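The block underneath contains the structure these notes are about, expressed in structure tokens.
Every read-out reported here was derived from the displayed coordinates using simple, explicitly stated rules and does not represent laboratory data. No experiment lies behind these values; they were computed from the predicted model shown. FYI the Cβ positions are ideal-geometry reconstructions off the backbone, even for glycines, and counts take in every protein chain you see.
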């Protein structure tokens, strides 16, 4: 897959993980607060929180947002438009983006090979995309919204070979991550979804 020109800061999203976390948290909090109505999740708010937590929002700067998804699993549940990741696919002829606090965000999405029908092949493709971003000369800070142990080999390689910062947004019961490195920071992505549902910190 041919990437667009990347900015120094990049957010890479595993759509399978994103969709899974939206569903899990909606079920969890619906059971916890059965009489509560939750606001629709907004993808832009997720991006805002991820970027702010990664400390990459700077006025007059630009951030690249790259998303990998499956063609048969591209719709974000409980989410207001844009809620189908396919809309970001044609980033050359129909570029899409937004501005948050004076910082410009450029979106691009890629669908995994539809002939791949198992998790291993999907994450092989995801790791290839992650490598393309991590080893790109333009990038410096990479925010990774993903949580799969298959990424850990790549992270260990980056720790040894790259002088870059990584912010990893993973689940409560996480699989991804390496110990003892100051290049990696971790954020509980379940709390990000809870915030986007309209829950206060005291309600998490």
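With the Cα gyration tensor of segment 54-97 giving a ≥ b ≥ c as the square roots of its eigenvalues, does the rule (a/c under 1.5 for rounded; else a/b larger than b/c for prolate; else oblate) give rounded, prolate or oblate? Walk me through the numbers before you get to the answer.
Values: a/c = 2.24, a/b = 1.59, b/c = 1.41.
Cα axes put segment 54-97 in the prolate bin.
Label the chain by shape, choosing from rounded, prolate and oblate, from the square roots a ≥ b ≥ c of the eigenvalues of the Cα gyration tensor; if a/c is under 1.5 it is rounded, and otherwise prolate applies when a/b is larger than b/c, oblate when it is not.
In terms of gyration-tensor shape, rounded.
Once fully extended, how much extra length lies between residue 87 and residue 42, figured as 0.36 nm per residue of separation less the alpha-carbon to alpha-carbon distance?
14.7 nm
Over segment 9-203, what relative contact order in percent results from Cα pairs under 8 Å that are six or more residues apart?
That works out to 27 percent.
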Just the number, please: percent antiparallel of the DSSP beta bridges in segment 9-203, rounded to the nearest 5. 20
May I ask you to sort 49, 27, 142, 193 by Cβ crowding, counting other Cβ atoms within 10 Å and putting the fewest first? 27, 49, 193, 142
Would you work out the relative contact order for segment 1-114, in percent, from Cα pairs under 8 angstrom that are 6 or more residues apart? 34
Please give the helix 119-134 orientation as an angle from the longest Cα principal axis of the chain, in degrees from 0 to 90, rounded to the nearest 10. 60
May I ask you to derive the relative contact order of segment 49-124, considering only C-alpha pairs under 8 Å and at least 6 residues apart, and to give it as an integer percent? 37
Pull out a ≥ b ≥ c, the square roots of the eigenvalues of the alpha-carbon gyration tensor of segment 18-101, then state rounded if a/c is under 1.5, prolate if not and a/b is larger than b/c, and oblate in the remaining case. oblate
Round to the nearest 10 and give me the degree value, 0 to 90, for the angle of helix 15-32's Cα axis relative to the longest principal axis of the chain. 20
